[in-house]
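Note sheet for the following structure.
The values are calculated or read from the model by the stated rules, or taken from the named source; none is laboratory data. Note that the structure is a prediction, hence the values are computed from the model and not measured. Virtual Cβ from ideal backbone geometry, glycine too; neighbours counted across all protein chains shown. SASA here: full protein model, heavy atoms, side chains in, ligands and nucleic acids out. Shrake-Rupley method; radii C 1.70, N 1.55, O 1.52, S 1.80 Å.
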Amino acid sequence: MSRAVTLPDGGRLVIRPIEPDDRSALVDAFERLSEESRYRRFFGPVPALTDRQLDYLTDVDHHDHEALIAFPEPTGDGDSGAVAVARFVRTDGDVAEPAIAVVDEWQGRGVATVLLDALVARAREENIGYFAAPVLASNTAAITALRRLGTTTITPHGQQVELLIALPAQDGATPPLRHLLRSMAAGTLSPAVAFLHRVALGLRPTGPTAARNTIVVAAPASPDAALPVDLAADLAQASGAAVHVVGVQRLLLESPERLEERLHETADDLRGRGLPVTTELRRGDLAAALLDAAVAGQARLIVVDGTSAERRLGSAWNHVAHHAPCDVLVARGEPAER
């Protein structure tokens, strides 16, 4: 059901649950996000939304996955396209991860705040008691500020920490949720994207036998992005190494079921080439997941995607190449025909 809300500056928005027919509105809103806004929203550079991603983002069940879309109230002139989307995805029982994106020209007007209130209300209706957010563990000032606000549990996971914030019984969002939102928008609290140099250097293997003969690589995002896996397989076959495949779910782009399916397909393909393979599933940032997996497994090498779509400052390959505790191969070009 749609409802109208008034912003602090007097602007009016209509908020309603997203529908499959909102694909074009979502594409238009995505194109109005700056590159920086896209990076913060999707935990990495995303030049465009694929058809599969649009399916996931618009065809939601409104129970475990809810999405609210906001449009300016019709006035006969001015902006009529979607200006913001807020969603949560249930990750475990009564816990969900939230996310809010506002097109750049509407940022700073209180849009995210009213959407957060609406999202919290929907979450309570679906028996969700907590919002969780994985963030960079080195953001100590922002994390400390959240801890002081109360009702926040902070759990370390490698170079990330997970903030678990209890939803209020009353209407509206809690101070910790509002602080989290403001910190994310300001960039002072962000997803884990790289190891600190001190940490990386401290964990770097110090001798020829310190590393295990394992190659870490991410499960490909699509069948046409298999170059890193192909290179990892070729190197593993040549060196007798095992391959550790990491499936990384970017919360707002795909379902965990589809990711798990792709992870299994990748592992089966590698085993079909006679390679020993291990796998793991993670949520959050690709670079953080690859780096953590390499440290945990004392890997000898990380193979990371460096194709044209990823060649920019802040991309996963850039962070992995600068902060890995082992050697890194940046895969560029086209996968070979097999």
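Determine which member of the set ALA296, ALA288 is modelled with pLDDT under 85 and under 25 Å from TYR56 (Cα atoms).
Going through ALA296, ALA288 in turn, just one is modelled with pLDDT under 85 and under 25 Å from TYR56 (Cα atoms): ALA288.
Of all residues in segment 242-259 being modelled with pLDDT under 90 and either touching a strand residue (DSSP E or B) at 6+ places or on another chain (Cβ under 6 Å) or more than 30 Å from VAL85 (Cβ to Cβ) (or both), which is most open to solvent (accessible area, probe 1.4 Å)?
Looking at the filtered set, the residue picked out is PRO256.
Which one of these does VAL89 not meet: (1) crowded, with 17+ Cβ neighbours inside 10 Å; (2) without any contact (Cβ under 8 Å) to a residue 60 or more places away in the chain?
Unmet condition: (2).
If THR75 meets every condition in (1) under 20 Å from the mean Cα position of the chain (by Cα); (2) at pLDDT below 80; (3) surrounded by fewer than 21 Cβ atoms within 10 Å (Cβ to Cβ) apart from one, which number is that one?
For THR75, the exception is condition (1).
Does ASP61 count as open to solvent by 40 Å² or more (accessible area, probe 1.4 Å) and modelled with pLDDT under 85? Before the answer, list the steps.
Numbers: open to solvent by 40 Å² or more (accessible area, probe 1.4 Å): yes; modelled with pLDDT under 85: no.
The answer is no for ASP61.
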